[in-house]
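Colleague: Once you've had a glance at the structure underneath, I'll fire off some questions.
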Amino acid sequence: MPSRFPPVVFYAPKELGGLGMLSMGHILIPQSDLKHSKQTDVGVTHFRSGMSHEEDQLIPNLYRYIQPWESEFIDSQRVWAEGIPRINTLFKKDRHTLAYDKGWRVRTEFKQYQVLKQNPFWWTHQRHDGKLWNLNNYRTDVIQALGGVEGILEHTLFKGTYFPTWEGLFWEKASGFEESMKYKKLMNAQRSGLNQIPNRRFTLWWSPTINRANVYLGFQVQLDLTGVFMHGKIPTLKISLIQIFRAHLWQKIHESVVMDLCHELEALEIETVQKETIHPRKSYKMNSSCADVLLFASGKWPMSKPSLLAESKDAFDQKASNKYWIDVGRL
């Protein structure tokens, strides 16, 4: 992947669709990536480990979150001498049964004669001594550094899902469909198609970030029968978008938006709301346009020059008229 990719794609946790990579370098987060970052009550649970304000724009470094070996050895000596487990074993589900697991250290020692693989952590046991490291703090700080959960989701298609909130909307490792298909008898082509699903899902989820002129250098091409512009060659994304907008869906969405608008305008007691004939290519033709709805009034309306819906500085200095044109723009 090009080095122009924003770090959020790589370092965002897997639950948010990222790759969940760990950083041991000095990865700078571009300022433009943080323009959406905003703090919410839910997003402030963070654990800053020795990071000063100047370093806020860096992806947190892993070595800050793992104890040095020296402290581990001291801890281990105490455990061997007193047999006191690390605190996190006390919160395990099977903590009551651990007391009955006699002779586990001897069995661990004997494993070197049973298991061919070398065990570098022969002197500690994950269930009895507790984990040597815990990356929960690291994960929380990475989310904070990338602008909180909201900041990360601004780079994705989350806004397009129309979920009211991101809480509880976490990615599973794989859907039930993928898991069940994995063990069935499949042809090679079917299996390779199944392997492509995670890649397609990843590319589509991050498409607002990946499909940008400053990430992929290339000629800007408009996707057939849609208003989507592709920057450079991203075949997986192209296939996904063509499938989503198949059967003239882009055009149909435009027509349904116009119809909904007409229904709303009719309730305003305007004399006539006239829906104009929409050209089939209108919804994705970017270099020209025409009105979709024509309103007739019994009186005269003050008029401005053609302007966008959100413009606040409209000057109604044109000649008054009893006709009003509305052009439902590109989606």
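Only the coordinates and a few stated rules stand behind these numbers; no lab work does. If you're wondering where the values come from, they're calculated on a predicted model, not measured in any experiment. Here the Cβ is made from the backbone with ideal geometry for all residues, glycine too, and neighbour counts use every protein chain on show.
Colleague: For a quick check of your reading of the filter: which trypsin sites (Lys or Arg not before Pro) in segment 170-270 sit in a DSSP loop and have no more than 11 other Cβ atoms within 10 Å?
Modeller: Lys173, Lys184, Lys185, Lys233, Arg246
Colleague: Continuing with this model, one more query. What does the extension gain come out to for Glu15 and Asp224, with contour length at 0.36 nm per residue minus their alpha carbon separation?
Modeller: Here the answer is 71.9 nm.
Colleague: Please name whichever of Pro13, Asn195, Ala145 sits farthest to the positive end of the charge dipole of the chain, dipole taken about the Cα centre and charges placed at Cβ: Lys and Arg +1, Asp and Glu -1.
Modeller: Highest projection toward the positive end goes to Asn195.
Colleague: List the GluC sites (Glu not before Pro) within segment 227-331 that DSSP assigns to loop and that have no more than 10 neighbouring Cβ atoms inside 10 Å.
Modeller: Loop-located and lightly packed - Glu269, Glu271, Glu311.
Colleague: Taking square-rooted eigenvalues a ≥ b ≥ c of the alpha carbon gyration tensor, is segment 67-129 rounded, prolate or oblate, where a/c under 1.5 means rounded and, failing that, a/b exceeding b/c means prolate? It would help to have the intermediate numbers written out before the result.
Modeller: Numbers: a/c = 1.82, a/b = 1.11, b/c = 1.64.
Oblate is the answer for segment 67-129, as a/c is 1.5 or above yet b/c matches or exceeds a/b.
Colleague: Suppose every Lys and Arg Cβ carries +1 and every Asp and Glu Cβ carries -1, with no other charges. What dipole size does the chain come out with about its Cα centre, to the nearest 20 debye?
Modeller: Details: 42 positive and 34 negative charges, 309 e Å.
Dipole about the Cα centre, nearest 20: 1480 debye.
Colleague: Ranked by Cβ crowding within 10 angstrom, fewest neighbours first, how are His248, His254, His26 ordered?
Modeller: Ascending Cβ contact count within 10 Å gives the list His26, His248, His254.
Colleague: In nm, to one decimal, how far is the Thr165 label point from the Met303 one, both placed 7 Å along Cα→Cβ?
Modeller: Spacing of the two 7 Å Cα→Cβ label points: 4.8 nm.
Colleague: In what sequence do Val293, Val142, Val9 fall when counting other Cβ within 10 Å, fewest first?
Modeller: Numbers: Val293 18, Val142 25, Val9 21.
Listing Val293, Val142, Val9 from fewest to most nearby Cβ atoms yields Val293, Val9, Val142.
Colleague: Set the Förster radius R0 to 41 Å, insert the Cβ-Cβ distance between Trp80 and Asn137 as r into 1/(1 + (r/R0)^6), and round the FRET efficiency to 0.05.
Modeller: That gives a FRET efficiency of 0.95.
Colleague: Run the quick spin-label model on Phe177 and Glu72: label points 7 Å from Cα toward the beta carbon, then report their separation in nm to one decimal.
Modeller: Taking the simple label geometry, Phe177 and Glu72 are separated by 4.3 nm.
Colleague: Also: If I take R0 = 41 Å and measure r between the Cβ atoms of Lys111 and Gln31 in this structure, what FRET efficiency does the formula 1/(1 + (r/R0)^6) give, to the nearest 0.05? Don't skip to the answer; put the middle values down first.
Modeller: Working: r = 51 Å, r/R0 = 1.25.
The value I calculate is 0.20.
Colleague: Still on this structure, please answer the following. Label segment 250-326 by shape, choosing from rounded, prolate and oblate, from the square roots a ≥ b ≥ c of the eigenvalues of the Cα gyration tensor; if a/c is under 1.5 it is rounded, and otherwise prolate applies when a/b is larger than b/c, oblate when it is not.
Modeller: Oblate, because a/c is 1.5 or more while a/b does not exceed b/c.
Colleague: Something else: Could you work out how far the C-alpha centroid of segment 304-325 sits from that of segment 172-224, in angstrom?
Modeller: That distance is 45 Å.
Colleague: Lys/Arg Cβ at +1, Asp/Glu Cβ at -1, dipole of segment 250-326 taken about the Cα centre: which of Val273, Ala310, Gln251 is farthest positive-ward?
Modeller: Sorting the options by dipole projection puts first Gln251.
Colleague: Would segment 102-208 count as rounded, prolate or oblate if I go by the C-alpha gyration tensor, calling it rounded below 1.5 in a/c and otherwise prolate when a/b exceeds b/c, oblate otherwise?
Modeller: Judged from the Cα gyration tensor, segment 102-208 comes out oblate (a/c at least 1.5, b/c at or above a/b).
Colleague: What list do you get for Met303, Met24 if you sort them by fewest beta carbons within 10 Å?
Modeller: Met24, Met303
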